[in-house]
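Comments concern the structure below.
A short reminder: the numbers here are calculations on the coordinates, not readings from a lab. In this text the structure is predicted, and so the values were computed from the model without any measurement. No Cβ is skipped: glycine too gets one built from the backbone with ideal geometry, and neighbour counts run over all protein chains shown.
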Amino acid sequence: MMRNIAFLLLVFVSTFTNVYSQNRKEFIHKYKYIAISEMQRTGIPASISLAQAILESSCGRSYLARKANNYFGIKCHDWRGRTIYQDDDEEDECFRKYKHVEDSWKDHSEFLCTHDRYRGLFRLDIQDYKGWARGLKAAGYATASDYSLRLIKIIEDEKLYKFDSQKQLSKRDFKHSTNPYYNREEIINGVPCLEIKEGDSLKAIALAYNIKISKLLYYNEKSSLNLNVGDIIFLKKKKRRAARGYDFHRIKPGDSLYSISQNYGVRLKKIILYNNIGPNTVMTLGNKIYLRHKAK
């Protein structure tokens with residue numbers, strides 16, 4: 001019995017670690033370009049802003065990130081914009097709230113650039129991520145005693161320091177940074193994609209990525225150019241199965257087999273095969289839709 005429990009615990013920890021690692025890598029892929037852009041604009045190392053965002057927002061999953069697009073835990077101070085309240089060092093503290101995620105990154109840069117206590121950081125070499133991490137802690141950015149050590153560990157675990165030198169960026173990175181969609185690109189199940197916003201079109205996306213429209217339709221199993229705000233459009237072919245840890249989806253109001261396919265980055269034909277159903281099957285709320293082969 002104890003051996004079985006130990007084995008199950010090991011499987012759980014391994015699955016959790018894999019999912020957490022994947023979340024980090026997806027987060028980095030999604031935001032590295034805006035971090036690089038802000039580094040070029042203000043001199044704040046991209047490795048530092050990425051590590052802070054990963055730590056402060058739990059890779060975009062924290063309450064402040066989800067409800068307020070606040071990825072850096074910046075409190076109100078002299079803020080005149082929208083606000084949100086959450087317990088932190090004290091109860092019901094005031095935090096800044098942003099309309100877009102990009103606004104949070106830019107305000108983080110302005111916050112460091114305009115406050116005197118961070119002025120010394122900008123005398124450091126842009127590749128001195130350890131100095132920046134220690135300087136942020138010394139200047140009072142966070143109260144956790146190991147804040148700088150945690151930032152440094154994230155940077156070194158994920159090799160974020162490679163983004164602090166333009167010479168070390170690949171040609172693809174530079175080409176991608178001129179793409180108007182670059183800071184909106186997301187990763188679902190290891191596949192790059194975009195969430196459609198007002199004014200987007202498949203033609204514009206195809207042009208920006210130098211992909212034929214017929215290819216985009218094929219990648220997304222679509223038969224028309226019609227788009228709705230909130231749709232997911234994949235830039236490469238979806239995977240045959242969902243990522244580990246996502247074995248099935250429970251049907252919610254508004255779900256369709258196609259929306260499930262897009263939300264998990266799994267080919268629709270494979271979902272139909274795994275569940276032994278037809279493409280027009282009426283789905284029942286709460287039922288499972290398998291995203292990988294069923295366990296025997």
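Details
- Sparsely packed GluC sites (Glu not before Pro) within segment 85-145, loop by DSSP, other Cβ within 10 Å at most 13: 90, 91
- Convex hull of segment 248-290 built on C-alpha atoms - directionally averaged projected area, nm²: 2.6 nm²
- Modelled this way, with points 7 Å down the Cα-to-C-beta line, the labels at residue 90 and residue 149 are 2.9 nm from one another.
- Summing charges over neighbours of residue 269, with a neighbour being any other residue whose Cβ is under 11 Å away from its Cβ, gives +3 when K and R count +1 and D and E count -1.
- The share of alpha-carbon pairs in segment 185-234 lying farther apart than 12 Å comes to 61%.
- Using a Gaussian network model of the chain in which every pair of alpha carbons under 10 angstrom is joined by a spring, one finds that among 123, 24, 240 the greatest mean-square fluctuation is at 123.
- Potential extension, residue 287-residue 117 segment - 0.36 nm per residue separation minus Cα distance: 55.7 nm
- Taken one residue at a time, the phi angles of segment 274-281 give Karplus couplings (6.51, -1.76, 1.60, θ = phi - 60°) of 4, 9, 6, 10, x, x, 10, 4 Hz. Gly and Pro are set to x.
- Helix-only arithmetic for the chain: the sum of -39500 (n - 2.57) across DSSP H runs with n ≥ 4, divided by the residue total, places the mean residue ellipticity at 222 nm at -14000 deg cm²/dmol.
- Considering only 85, 126, 113, and ranking their Cα positions along the charge dipole of segment 73-136 that arises from unit charges at the beta-carbon of Lys, Arg, Asp and Glu, the one farthest toward the positive end is 126.
- Over segment 185-234, relative contact order from alpha-carbon pairs under 8 Å, at least 6 apart, %: 47 percent
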